[in-house]
Amino acid sequence: MHSSEKFHPGPGDIGESVFDAAYLLFDLIAAVIFFLHASGSRVILLYGFLTLLLGGGDAFHLVPRIDMHLRGRRENTDFRLGLGTMVSSVTMTIFYILLSYIWKELFGDPGILLVIIWITALFRIIVCCLPQNNWFNPEGNMKMSLLRNLPFAVTGLCVILLFAKSGSAYGLGYMVPAILISFACYLPVTLLAKKKPAVGMLMVPKTLAYVWMLCMGLRLISIL
């Protein structure tokens, strides 16, 4: 463990910290833009809440990571990282619920897919809140990771099917690959990164996929 007095961040530490800070700043600015331009549009307002939730939830995890990379590990680092991971896991799940309601506002009744999204999302949120996850232990719990992420994959698949159904309408044609990239990068990290830290680099394209989704929302402002 590095003491904060002796720790000197390397180029990788600084690079990741700048990337994370830029992402959080982008989220905040995007949320403000959505709210300023909502003008009674439920879709833009939902996108504002979705963006604020995403950035706020990720901040719980990324701010402690930035602190760790720039100042070194301290006694409460594992607790802060674990709490942040738990919070962001919940907010990320709600993100996809809100995204499905944005689809509903634009295209109509999602039918059974919305029911499945709610069931799998609520199941994941409940599992995320269980102490067996060992959030505050760097070792975590692989069985619980599988239990909370398998239903999350189903949630994501249902949202993908919705946007696949609507195609390129409203400029949202790239939502399907963006969601696919986010899950393709997120799931290996959450399942393998503790044993193979290099896998954690997949969080960069995963984060950029979320930025892509928000940019599609920003484009909606000029369309609706």
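Identify all residues within the stretch 1-39 that are of a type in the set (A, V, I, L, M, F, W, C), within 19 Å of L202 (Cβ to Cβ) and modelled with pLDDT under 95; write none if there are none.
The answer is none; no residue qualifies.
Out of (1) within 15 Å of the chain's Cα centre (by Cα); (2) among the hydrophobic types (A, V, I, L, M, F, W, C); (3) closer than 23 Å to I223 by Cα, the odd one out for L45 is which?
That leaves (1) as the condition not met.
Would the stretch 70-80 turn up any residue that is out of contact with any Lys or Arg (no Cβ under 6 Å at 6 or more places or on another chain) and either closer than 20 Å to L162 by Cβ or of a type in the set (S, T, N, Q) (or both)?
For the stretch 70-80, residues out of contact with any Lys or Arg (no Cβ under 6 Å at 6 or more places or on another chain) and either closer than 20 Å to L162 by Cβ or of a type in the set (S, T, N, Q) (or both): present.
Somewhere in the stretch 200-223, is a residue among the charged types (D, E, K, R), more than 21 Å from L50 (Cα to Cα) and surrounded by 14 or more Cβ atoms within 10 Å (Cβ to Cβ)?
no
Pick from G40, G72, G111: which is over 30 Å from G171 (Cβ atoms), more than 19 Å from the chain's Cα centre (by Cα) and among the small types (G, A, S)?
Exactly one of G40, G72, G111 is over 30 Å from G171 (Cβ atoms), more than 19 Å from the chain's Cα centre (by Cα) and among the small types (G, A, S), namely G72.
List every residue pair whose Cβ atoms lie under 9 Å apart, where the two residues are 6 or more positions apart in sequence or sit on different chains, the first residue falls within the stretch 56-76 and is in contact (Cβ under 8 Å) with a residue 24 or more places away in the chain and open to solvent by less than 70 Å² (accessible area, probe 1.4 Å), and the second residue, located anywhere, is of a type in the set (F, W, Y) and part of a helix (DSSP H, G or I).
Qualifying pairs under 9 Å: G57/F95; D58/Y23; D58/Y210; L62/Y23.
The values are calculated or read from the model by the stated rules, or taken from the named source; none is laboratory data. Just so it is clear, the structure is predicted and the values come from calculations on it, not from any experiment. Cβ: placed from backbone, ideal geometry, glycine included. Neighbour counts: every protein chain shown. These area figures cover heavy atoms from the full protein model, side chains too; ligands, DNA and RNA do not enter into them. Shrake-Rupley method; radii C 1.70, N 1.55, O 1.52, S 1.80 Å.
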